[in-house]
Structures are given as structure tokens and as C-alpha cells.
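To start, the structure itself, in C-alpha cells.
The values are calculated or read from the model by the stated rules, or taken from the named source; none is laboratory data. This structure is a prediction, so every number in the text was calculated from the model and none was measured. Every residue, glycine as well, gets a Cβ built from its backbone with ideal geometry; the counts of neighbours run over all protein chains shown. For accessibility, only protein heavy atoms count, side chains too; no ligands or nucleic acids. Shrake-Rupley method; radii C 1.70, N 1.55, O 1.52, S 1.80 Å.
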Amino acid sequence: MAGPGAIATARPRKRRRASWHGFLYIAPAMALVIVFFVLPVVFTFWMSFHNWPLLGNPRWIGFGNYIRMVSDMRFMAALRFTAYYTVIVTIAIFAIAFPLAFFVEKHRPFVGFYRTIIFLPVVVGLATASLLWVWLANVDAGFFAPVALALGLVDKRPNLLADFDMAFATIIVMVVWKIAGFTMIILLTGLQAIPSELTEAARIDGAKRWQRFRHLTLPLMRRTIALALIISITGSVLAFDQFYIMTSGGPQNRMISVVYYIFNQSFVSFNLGYGAALSIALLVILVLISIVQLWLLRVGEDKP
């Protein structure tokens with residue numbers, strides 16, 4: 001029989017073997033993250049310190065691209081528009097997704113069908129959805145303009161993508177149609193995780209629906225809301241397809257988002273170094289926004 005010393009020696013070996021097995025399991029995912037995220041970010045950071053033309057040799061300019069960024073009024077305008085779009089579209093998505101989550105959370109006839117129909121636009125690619133809505137908003141061959149004219153809502157067919165306000169509203173509606181179902185599913189998981197006993201107890205104690213939502217549902221869904229907010233805000237800050245496909249940055253270049261501006265600088269003007277600096281700045285902004293969101297949503301939580 002093996003003595004206590006041999007048993008004690010064998011246990012660390014088993015632990016080391018198990019840890020190596022775990023590392024082998026995650027190695028493919030780690031390789032993908034390193035190849036497709038870490039290395040591109042490092043290379044982009046290196047590019048941002050250069051004057052990097054499409055053809056020719058890069059030239060080291062230090063913080064020149066970052067200094068240029070601070071005084072670039074078009075970049076600041078793109079930042080302001082992106083912030084405005086992010087606030088509006090995030091509020092609109094949650095205003096639609098929350099009621100939908102409550103609607104499909106309850107057991108009722110055809111609830112599975114309702115969930116499928118609401119979620120269906122999510123599987124459509126954003127570029128495909130943008131092209132679809134370009135056709136729907138077309139003044140001659142589309143759907144919205146002839147219907148509005150036939151119903152007597154307008155005197156002539158409106159061009160929904162020619163005016164800034166109408167084009168912006170059309171894009172907001174398209175994005176909400178496309179994304180609200182995904183946000184609804186995230187919020188639905190949070191609602192279903194709330195114990196029904198707590199809701200019943202609050203109802204028996206006389207809490208009204210708004211009181212239950214404010215003092216029970218929202219506190220218990222903090223982490224779920226944080227996840228949905230981070231995904232929604234990150235996607236909105238990185239918006240590109242809808243503005244590029246539906247309006248090409250117009251009317252009057254008033255719909256140029258940050259990513260659209262980075263695209264123009266990098267692949268239209270071929271200022272790859274400056275585009276890299278803008279990308280790094282956008283990455284820092286996204287990280288800071290996520291940190292602030294997580295901190296704000298943790299305020300008021302009881303410490304373990």
C-alpha cells in the first residue's frame with residue numbers, strides 16, 4: 001500500500017495534469033482571440049504613431065496623429081452625431097424591448113409564435129436590412145411613400161431619405177425593428193430569473209404593478225440590464241452599415257458616424273495612420289463607457 005507521503009505527492013501531480021487539460025481545452029479560443037483581436041489591436045496602435053500611406057514607406061511621427069485628432073472639427077462633429085444617435089436609439093430600443101419582454105414572458109396562447117416573429121428580424125444582417133429599408137423608403141418604387149399618399153397622410157410622395165429629420169427617424173425605426181427582438185430576449189432571461197414567489201409576495205402585500213417594477217424587477221435585473229445596455233450602446237457607437245448604405249452620410253454630410261469617418265480616412269483618403277489613431281481613440285471611448293455603465297449599475301447594490 002502507498003504511504004501518506006506518496007498520496008500527498010500524487011495529488012499535486014493530478015492537479016497539474018488537470019490544469020494542463022483545461023488549458024488545452026481553451027487553447028483554440030485563446031489562439032483565435034490573440035490572432036483576431038490582440039494582435040490587430042497592437043498593430044493598429046503601432047500604426048497610429050506613423051504617417052502610413054497606402055503605398056510607400058511608413059514614417060514615424062509620434063503623437064502627430066493624436067494631436068491632429070484633437071483639432072479635427074469633422075471628427076468632433078462625427079463624435080457628437082454618434083453620441084446623439086446612441087442616446088436616441090438606445091432609449092427607443094429599450095422603450096420597445098421592455099414591454100415586449102413583459103408581453104412574451106407571460107404564459108398565453110401562441111407565445112412561442114410571438115417570440116419567433118419578434119425575434120425574426122434579428123437574423124437578418126444589418127446590411128441586408130439597410131438595403132431592404134432603402135427600397136421601402138424609395139419615393140417611387142418603395143412601400144411607405146405610396147401607402148402614405150394613398151391614405152391621404154401627405155399631398156405628394158415623401159422622400160424619406162432626402163431630409164435629415166426624416167432620414168434619421170427612418171434609420172432609428174429600422175434599427176429598432178432589427179435590434180429590439182435581441183434586446184427583448186436578453187431582458188426576458190432576466191425576468192424569468194426572478195423567483196415567482198417574490199412577485200407573488202409583493203402582490204399579496206398590496207404592491208402595485210409600477211411599485212413591483214421599480215422596487216423588485218429593476219433591482220433584480222441590474223446585471224441583465226447592464227449586459228443589454230453595454231451591447232446596445234457598443235453597437236450604436238460602432239454604427240456604420242445603416243449610414244453608409246441608406247444615406248451615404250447625408251443629407252449634407254450630417255449623418256457621418258465615428259466609424260464612417262474612420263472608414264473615410266482609412267480607405268477613401270488612405271490616411272491609414274490617422275485612421276488607426278482614430279480607431280484607438282474609439283476603443284478607449286468604448287472601454288470608458290462600459291466601465292462607467294457597470295459602475296453606475298452597481299451603485300446601490302448590497303456588498304457581499
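Where helices (runs of 4 or more DSSP H) fall entirely within segment 155-242, those with at least 1 residues that are open to solvent by less than 70 Å² (accessible area, probe 1.4 Å), in contact with a helix residue (DSSP H, G or I) (Cβ under 7 Å, 6 or more places away or on another chain) and in contact (Cβ under 8 Å) with a residue 24 or more places away in the chain are at 164-192, 222-237.
With G152, G190 as the choices, which residue is among the small types (G, A, S) and under 28 Å from V123 (Cα atoms)? Quick ask: steps written out before the conclusion?
Values: G152 fails: under 28 Å from V123 (Cα atoms).
Only one candidate passes the filter, namely G190.
Close Cβ contacts (under 7 Å, 6 or more residues apart or on different chains) running from residues in segment 277-297 that are open to solvent by 50 Å² or more (accessible area, probe 1.4 Å) to residues that are hydrophobic (A, V, I, L, M, F, W, C) and at pLDDT below 90 comprise L294/A226.
When residues in segment 121-154 are screened for being of a type in the set (G, A, S), surrounded by fewer than 13 Cβ atoms within 10 Å (Cβ to Cβ) and in contact with a Phe, Trp or Tyr (Cβ under 8 Å, 6 or more places away or on another chain), 1 of them pass. I'd like to verify a number: residues in segment 210-241 that are over 18 Å from A97 (Cα atoms) and of a type in the set (K, R), how many? The total comes to 1.
Checking every residue in segment 84-99 against the condition of being among the polar types (S, T, N, Q), over 30 Å from L191 (Cβ atoms) and surrounded by 12 or more Cβ atoms within 10 Å (Cβ to Cβ) gives zero matches. Screening F81 with (1) among the aromatic types (F, W, Y); (2) under 17 Å from V176 (Cβ atoms); (3) surrounded by 18 or more Cβ atoms within 10 Å (Cβ to Cβ) gives one miss only, at (2). Just wondering, is there one or more residues in segment 248-258 that are open to solvent by less than 70 Å² (accessible area, probe 1.4 Å), touching a residue at least 12 places away in the same chain (Cβ under 8 Å), within 16 Å of the chain's Cα centre (by Cα) and under 21 Å from V87 (Cα atoms)? Yes, that holds for at least one residue. Listed by first and then second residue, the pairs linking a residue in segment 134-148 that is touching a residue at least 24 places away in the same chain (Cβ under 8 Å) and part of a helix (DSSP H, G or I) to a residue that is surrounded by 15 or more Cβ atoms within 10 Å (Cβ to Cβ) and among the β-branched types (V, I, T), with Cβ atoms under 7 Å apart and 6 or more places separating them unless they lie on different chains, are V134/I245.
Which residues, taken from segment 66-78, are under 25 Å from A239 (Cβ atoms), exposed (fewer than 14 other Cβ atoms within 10 Å of the Cβ) and of a type outside the set (K, R)? Give the steps one after another, and end with the answer.
Narrowing segment 66-78 to residues under 25 Å from A239 (Cβ atoms): 66, 68-78.
Checking which are exposed (fewer than 14 other Cβ atoms within 10 Å of the Cβ) leaves us with 70-71, 73-74, 76.
V70, S71, M73, M76 - these are the residues of segment 66-78 that are under 25 Å from A239 (Cβ atoms), exposed (fewer than 14 other Cβ atoms within 10 Å of the Cβ) and of a type outside the set (K, R).
The set of residues in segment 31-65 being surrounded by 16 or more Cβ atoms within 10 Å (Cβ to Cβ) and either aliphatic (A, V, I, L, M) or at pLDDT 90 or above (or both) consists of T44, M47, S48, F49, H50, N51, I61, G64, N65. Counting only residues that are in contact (Cβ under 8 Å) with a residue 12 or more places away in the chain and part of a helix (DSSP H, G or I), segment 124-133 holds 6 of them.
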